[in-house]
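One structure is given below, encoded as structure tokens.
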Amino acid sequence: MARAGAFIVGLAALVALTASWIAPYDPAAQALALRLQGPTAAHLFGLDELGRDILSRVIYGARVSLFVGVSVVSVSSIVGTVVGATAGYFRGWIDDGISRLIDVLMAFPGILLAIALVAVLGPSLGNVVLALSTIGWVGYARLVRGVAMRTRELDYVQAARALGARPARILARHVIPTALPTVAVQATLGMAGAIIAEAALSFLGLGVQPPTPSWGTMLDAGRSHLFDAPHLTIFPGLSIALLVLGFNFLGDRLRDRIDPRTARESTP
Amino acid sequence: MLRYLIRRLLLTLPVLLGVATLVFSLIHLVPGDPAQSMLGDAASPQEVAALRERLGLDRPLAVQYGHFMAGLVRGDLGTSLRYGTPVVGEIEARVPRTAELAVAAMTVAICLAIPLGIVAAVYRDTIVDHAAMTVALAGISMPNFWLGPLLAILFAVKLGWLPVSGTGDWTHLVLPAATLGAALAAILARMTRASVLEELRELYVMAARARGVSRARAVLRHAFRNSLIPVVTIIGLQLGAVLTGTIITETIFAWPGVGRLLIQAINFRDYPLVQGCILFISVTYVGMNLITDLVYGWLDPRIRYE
């Protein structure tokens with residue numbers, strides 16, 4: 001399963017990086033006469049409502065999905081780790097303040113807050129990343145806070161403190177590294193979450209704007225052609241589901257390696 | 001229990017205050033002038049000024065915040081720009097539809113997942129188990145905005161058994177409920193399987209088996225009931241996901257609930273209505289989490305003393 005996950009993710013990354021070479025057509029080129037045509041040898045995934053090659057758009061769409069995933073996960077995990085480690089290590093009023101903020105943000109359904117933010121900021125790729133990162137860091141912060149609270153009591157951290165190490169050094173050298181494996185698992189599963197969220201926002205018309213090919217936007221366009229051109233819906237959706245599955249496989253496997261207790265309950 | 005109840009209620013207050021503040025600040029995050037943004041570029045400066053005054057945007061921020069909070073306490077969320085009617089009324093009119101959809105989805109999920117999970121646990125590591133868990137994994141990985149259109153293509157377009165979208169008799173509810181319930185069903189099936197397997201390892205089940213109780217009876221009469229507690233928790237925790245899932249599901253199937261109202265309000269830049277919908281959904285979410293916690297505290301007394 002982990003191997004299948006790594007294969008899917010690796011393939012998607014390769015496709016995204018080499019999109020301009022491997023895409024058979026320009027993703028924006030329109031052949032209006034052939035609009036909504038089903039899959040043929042020339043157009044393996046068929047053509048969309050403006051006569052654009054769906055395979056090429058799916059290939060370019062991988063860029064958007066992975067870009068959003070990587071950006072959101074990087075920003076969220078860095079911010080969350082630093083904030084969580086600070087709260088858990090210093091405790092006191094810093095922790096109280098951060099924990100209240102985490103409580104409020106956790107009480108708010110994540111995707112709803114993202115929808116709200118994009119609704120007022122305006123739909124764009126940048127705002128999608130901003131909105132998803134605004135909700136994304138909270139999970140990491142809560143996780144790392146817990147690890148930091150346990151770590152600060154350990155002998156080697158106490159020893160470092162007794163030797164006069166400054167808090168910033170203790171955090172960077174001792175507390176944060178202890179939390180990294182947990183963060184890595186969360187980040188892998190977070191990629192899947194961010195990719196779904198971007199597609200959902202784009203599907204609702206609140207994400208990436210046309211003509212940029214995004215799998216979510218493509219699904220949105222397919223909705224008006226369920227009767228005459230179901231291929232508009234099938235291929236972008238399949239790409240999302242596969243990539244999400246890939247990251248979930250990888251994340252599950254990573255978690256089992258880090259915490260063998262979960263391996264017992266995992267399903268085949 | 002009473003102390004737990006009071007403490008839990010008191011803990012909810014700052015969260016609600018935070019949610020309300022977030023919703024209040026939304027309109028101030030609009031780049032540029034919110035009034036101009038709502039009316040579009042064609043509006044005259046007089047119209048924009050009039051709207052600013054009507055929404056109170058020309059007053060100091062603290063006054064606006066006080067006014068907003070006072071309105072909330074009275075149950076007044078302002079007036080929708082598009083409909084010209086109170087926001088509360090617009091939301092109220094659509095709540096029954098959303099509730100209907102959510103309840104139907106939960107019912108579909110529970111009726112599918114619990115038997116599936118039990119069967120998978122009883123026939124562990126057989127083809128039945130693998131098939132059931134593969135279906136469940138597919139259900140988790142499939143985003144509802146893809147599953148919905150696929151179900152519509154199959155059952156509405158190809159087979160012609162069900163309507164594609166809209167409302168009417170019960171057949172209109174089938175596809176949206178299945179779409180919304182699928183992810184929950186997948187999570188529940190995995191949880192039920194794991195939970196039943198856990199119980200099957202317990203001594204009392206083995207004792208029952210040793211006394212000659214059949215495997216099926218051991219599962220149904222003994223293991224299943226005890227394995228329900230974690231399953232109930234998961235149902236509670238997933239209520240929120242079902243609630244936010246209605247936004248997408250209602251949009252796919254043109255189901256006239258609060259979620260679709262929110263997306264329409266966003267498209268029309270009807271910010272008071274957007275704020276109202278978001279407030280309504282998040283307060284319902286907080287309320288459902290509260291109820292789940294209370295039920296859980298009641299089921300498992302250890303929680304109360306933490």
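Numerical summary
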read-out	value
Some residue of the range B:68-79 being touching a strand residue (DSSP E or B) at 6+ places or on another chain (Cβ under 7 Å) and among the polar types (S, T, N, Q)	yes
Criterion violated by B:GLU90 - all others in (1) without any contact (Cβ under 8 Å) to a residue 24 or more places away in the chain; (2) under 30 Å from B:ARG269 (Cβ atoms); (3) surrounded by 14 or more Cβ atoms within 10 Å (Cβ to Cβ) satisfied	(1)
B:GLY287, sole failed condition from (1) in contact (Cβ under 8 Å) with a residue 12 or more places away in the chain; (2) more than 10 Å from chain A (Cβ to nearest Cβ)	(1)
Scan of the range B:277-288 for residues that are touching a Gly at 6+ places or on another chain (Cβ under 7 Å) and crowded, with 19+ Cβ neighbours inside 10 Å, ordered by number	B:TYR285
All positions within the range B:190-242 that are in contact with a Pro (Cβ under 9 Å, 6 or more places away or on another chain) and either closer than 17 Å to B:GLY117 by Cβ or outside any helix (DSSP H, G or I) (or both)	B:MET191, B:THR192, B:ALA194, B:SER195, B:GLU198
Filtered residues of the range B:106-127 (kept if free of Cβ contacts under 8 Å to residues at least 60 places away in the same chain, within 12 Å of chain A (Cβ to nearest Cβ) and aliphatic (A, V, I, L, M))	B:ILE127
Yes/no for A:VAL73 being at pLDDT 90 or above, on the phi < 0 side of the Ramachandran plot, among the hydrophobic types (A, V, I, L, M, F, W, C) and buried (at least 22 other Cβ atoms within 10 Å of the Cβ)	yes
Subset of the range B:140-182 [of a type in the set (Phe, Trp, Tyr) and away from chain A (no Cβ under 13 Å)]	B:TRP161, B:TRP170
Single residue of A:ALA85, A:ALA62 found to be over 24 Å from B:PRO143 (Cβ atoms) and in contact (Cβ under 8 Å) with a residue 60 or more places away in the chain	A:ALA85
Within the range A:206-258, tally of residues that are facing chain B (nearest Cβ under 7 Å) and touching an Asp or Glu at 6+ places or on another chain (Cβ under 9 Å)	1
Helices (runs of 4 or more DSSP H) fully within the range A:182-268 counting 2 or more residues that are touching a helix residue (DSSP H, G or I) at 6+ places or on another chain (Cβ under 8 Å), modelled with pLDDT of 90 or more and surrounded by 19 or more Cβ atoms within 10 Å (Cβ to Cβ)	A:215-222, A:231-258
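Yes/no per residue for (1) assigned by TED's automatic domain parsing to the domain that holds B:ALA105; (2) closer than 22 Å to B:LEU173 by Cβ; (3) crowded, with 20+ Cβ neighbours inside 10 Å; (4) not charged (D, E, K, R):
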{"site": "B:GLU198", "(1), (2), (3), (4)": "yes, no, no, no"}
{"site": "B:ALA216", "(1), (2), (3), (4)": "yes, no, no, yes"}
{"site": "B:ILE229", "(1), (2), (3), (4)": "yes, no, no, yes"}
{"site": "B:THR246", "(1), (2), (3), (4)": "yes, yes, yes, yes"}
{"site": "B:GLY259", "(1), (2), (3), (4)": "yes, yes, yes, yes"}
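The values are calculated or read from the model by the stated rules, or taken from the named source; none is laboratory data. Small disclaimer: the values here were computed from a predicted structure and weren't measured. Heads up, the Cβs are rebuilt from the backbone with ideal geometry, glycines too, and the neighbour counts pull from every protein chain shown.
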